[in-house]
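Working notes, beginning with the structure itself.
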Amino acid sequence: MMQRLGDLLLVRQGERHQVFYFLGLFFLVGAGMALGRGASEALFFKRFGIEYLPLMYLFSCFSLCLVSLLYAAFVDRLPSEKFYRIFFTLLALLLFANWFAITFSNSELVYPVFFLLYEVASELLLVHSAVYINQTFIQTQSKRLTPVILAGHQVGVITGGVFLAAASPVLGVVNMMLVWVTLLLLAWLLV
């Protein structure tokens with residue numbers, strides 16, 4: 001059965017271990033991104049509505065420019081696995097700090113910060129995922145296996161979205177941040 005599936009997806013015998021690793025990693029990242037997007041938008045729109053969205057996208061552009069410059073300065077100096085571990089750790093700490101601030105403070109500024117954190121993290125994860133795939137596989141493997149590997153991300157996004165819809169009435173939208181932190185820690189362990 002696995003042989004036929006591998007043949008159908010153009011995954012060769014010696015590549016299966018790596019492909020399953022990437023599928024698992026990207027599944028966790030995708031599920032976390034679905035939780036982050038849903039939670040950040042719901043919390044922001046509930047407090048501020050859509051009228052501040054253009055301003056948030058402007059802040060997002062500036063934030064992405066700064067983070068992209070930092071990323072470009074360090075991406076070639078670190079192995080992709082080490083960068084992922086650092087990034088997952090920082091993102092988990094920032095998410096936990098933001099959850100703590102939302103839960104225990106009355107400041108309205110924590111919601112735009114969470115919105116920006118998601119926007120920047122999602123872009124950076126997409127860029128670094130491509131770098132990681134290209135550093136791991138040779139060019140012909142990368143071209144052949146990238147669609148299969150990125151399917152893991154899409155399945156994760158779908159699963160995360162279904163989980164968000166089912167669990168947020170029970171756990172609360174704010175606590176989806178803690179679930180995202182848990183997924184980041186699992187991805188950290190996988191890397």
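Bear in mind these aren't lab numbers, they're just calculated from the coordinates by the rules spelled out. None of the values given here were measured: they were computed from a predicted structure. As a convention, Cβ positions derive from the backbone with ideal geometry for all residues, glycine included, and neighbour counts pool all protein chains shown.
Can you compute log10 of I(q)/I(0) for segment 101-191 with the Debye formula, treating each Cα as one identical point scatterer, at q = 0.14, 0.16, 0.17, 0.21 Å⁻¹? Per q value, in the given order, log10 I(q)/I(0) is -0.68, -0.84, -0.92, -1.22. When the chain is treated as a Gaussian network with alpha carbon springs shorter than 10 Å, the biggest mean-square fluctuation among Ser40, Ser105, Ser60 belongs to Ser105. Here the dipole of segment 1-106 is about 160 debye; that uses its Cα centre as origin and unit charges on the Cβ of Lys and Arg (positive) and Asp and Glu (negative). Of all the options Ala165, Ala72, Ala34, the one that moves most in a Gaussian network model of the chain with Cα springs shorter than 10 angstrom is Ala72. Rg over Rh for segment 141-191 works out to 1.11, using Cα positions for both radii and the Kirkwood form for Rh.
For segment 51-108, what D do you get in µm² per second when you plug the Kirkwood radius from alpha-carbon pairs into Stokes-Einstein at 4 °C and 1.567 mPa s? Estimated via Stokes-Einstein, D reaches 95 µm²/s. Note on the chain: with a GNM built from Cα contacts shorter than 10 Å, the maximum mean-square fluctuation among Gln141, Gln13, Gln154 falls on Gln13.
Extension gain for Gln18-Ile50 works out to 7.3 nm (0.36 nm per residue, less the C-alpha to C-alpha distance). Estimated from the Cβ-Cβ distance and a Förster radius of 41 angstrom, the FRET efficiency linking Asn134 and Leu171 is about 0.65.
Take the Kirkwood radius over Cα pairs of the chain, plug it into Stokes-Einstein at 10 °C and 1.306 mPa s, and you get 90 µm²/s for translational diffusion.
In this structure, Leu69 and Glu41 have a Cβ-Cβ separation that, at R0 = 30 Å, corresponds to a calculated FRET efficiency of about 0.70. Taking Cβ atoms as reference points and 14 Å as the exclusive limit, the residues near Gly161 contribute a net charge of 0, counting Lys and Arg as +1 and Asp and Glu as -1. For the chain, the membrane-span-like helix rule (DSSP H, alpha carbon extent of at least 30 Å along the helix axis, mean Kyte-Doolittle at least -0.5) picks out 16-48, 53-74, 80-104, 110-136, 139-171; this says nothing about an actual membrane. Applying both filters, DSSP loop and at most 12 other Cβ atoms within 10 Å, to the GluC sites (Glu not before Pro) of segment 34-113 gives Glu51, Glu108.
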